[in-house]
Amino acid sequence: MQLSHSLTIDALGACQGISWLDGKAYLYGDREVGMIRQFELKGDTLTYTGHEYKLTLNDTDVINHPTGLAVHGKDPVFMGNSVLLDRATNKWKAIIYCIDWPGLQRTGKLDGNLKNVIEDDACIQGTRPEYVEYHHKWYVATADYGNRANEVRLYDPAILEHAGKTTDKGVLYKKFTCGPWVQNMQWIPSKGLLLLIQNQIEGRKWRFSFIDLNKSLESGKAEVMQTVDSIDRGDELEGFSFLSSLSKGVAVTSSRKGNVNFMDINW
């Protein structure tokens, strides 16, 4: 993985992640309210399409710190949120929202498009949903951000969609332990790999860990195929997504400048 060039895209607040869906890039952040903007890939840049979705309900900020957007076909769509309860003790509450994604795209707000609110009380710290495939079935994976007892957990989306909390019966399917400071995840179906998008230390420096999902779920711990720590950036890596192929990707950070970074990937 090599850094190609960097851009600054404003009006996102601190960018928290990126998803590549149906040929468009969706960048989400924590501006004055949590929000998502849609971009087109034009040459070696991302161009704003004018479509913005505010993560508000009755004009009140709901998903204020969006973390992870899980979309797969007609399966339920989930988005994560990490709520700081106590700065002194660094205590967080993690929430997963089931949303009507086409409705949100149509109206630009969560009004009428928020289907369920699920407390991710099975987590250690934070939540970042991402769809993965295991034994020909799709699950919602999530992971912790912290430096102790971190896990990747797989939730059954059909049960999660209607759950009150992730410790409800049948929600959790399998899990395995993993390294610290996971900000987001990216599933790579053709490789059977789950990419953990991480920091090397809390809130700083970039790390990409390629995990063999099947082996990890069988052993109970992350089976790391390769770790990339070589990108010389000291800011907070928040998200990453491949674009139309596995040779190009975009990494996003919470920085005010150079927050969108094009990358070349050789396998």
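The values are calculated or read from the model by the stated rules, or taken from the named source; none is laboratory data. Since we're looking at a predicted model, the values are computed, not measured. Don't worry about glycine lacking a Cβ; one is built from the backbone with ideal geometry, like all the others, and counts go over all protein chains shown. Surface accessibility is based on the protein's heavy atoms, side chains included, excluding ligands, DNA and RNA. Shrake-Rupley method; radii C 1.70, N 1.55, O 1.52, S 1.80 Å.
Structure summary
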quantity: For the stretch 139-146, 3J(HN,Hα) per residue [Karplus equation, 6.51 cos²θ - 1.76 cosθ + 1.60, θ = phi - 60°, Hz, x = Gly/Pro]; calculated: 10, 9, 8, 8, 8, 9, 10, x
quantity: Highest-first arrangement of 124-130, 61-67, where packing means the average Cβ count within 10 Å; calculated: 124-130, 61-67
quantity: Placed amide H near K221: partners under 5 Å, 5+ positions off or other chain; calculated: T177
quantity: Cross-link table K115/K174; K109/K174; K109/K248; K115/K169; K93/K191, entries beyond 28 Å C-alpha to C-alpha; calculated: K109/K174; K109/K248; K93/K191
quantity: Distance between the stretch 217-267 and the stretch 45-104 - C-alpha centres, whole angstrom; calculated: 21 Å
quantity: As computed over the stretch 188-267, the Cα convex hull volume per residue (Å³); calculated: 94 Å³
quantity: Gyration tensor (Cα) of the chain, equivalent ellipsoid semi-axes in angstrom; calculated: 24, 23, 18
quantity: Accessible surface of K248 - all protein chains present, 1.4 Å probe, nearest 10 Å²; calculated: 100 Å²
quantity: Amide H contacts of W206 (H built 1.01 Å from N, under 5 Å, at least 5 apart or other chain); calculated: Q200, R233
quantity: Accessible-area value, I18, 1.4 Å probe, nucleic acids and ligands omitted, Å²; calculated: 10 Å²
quantity: Heavy-atom accessible area order for T45, T60, largest first, 1.4 Å probe; calculated: T60, T45
quantity: Three semi-axes of the equivalent ellipsoid, the stretch 1-135, Cα gyration tensor, whole Å, largest first; calculated: 24, 18, 17
quantity: ³J(HN,Hα) computed for each position of the stretch 221-237 - Karplus, 6.51 cos²θ - 1.76 cosθ + 1.60, integer Hz, glycine/proline x; calculated: 9, 4, 9, 7, 7, 7, 10, 10, 10, 8, 7, 7, 10, x, 7, 8, 5
quantity: Accessible carbon and sulfur surface of the stretch 161-255 relative to its total accessible area, %, 1.4 Å; calculated: 46 percent
quantity: Volume in Å³ per residue [convex hull over Cα atoms, computed for the stretch 164-221]; calculated: 109 Å³
quantity: Rg followed by Dmax, in Å, when the stretch 115-248 is reduced to its Cα trace; calculated: 14.5, 44
quantity: Per residue accessible area of the chain, 1.4 Å probe, in Å²; calculated: 44 Å²
quantity: Other-chain or far-sequence residues with amide H under 5 Å of N184's (modelled H); calculated: I197
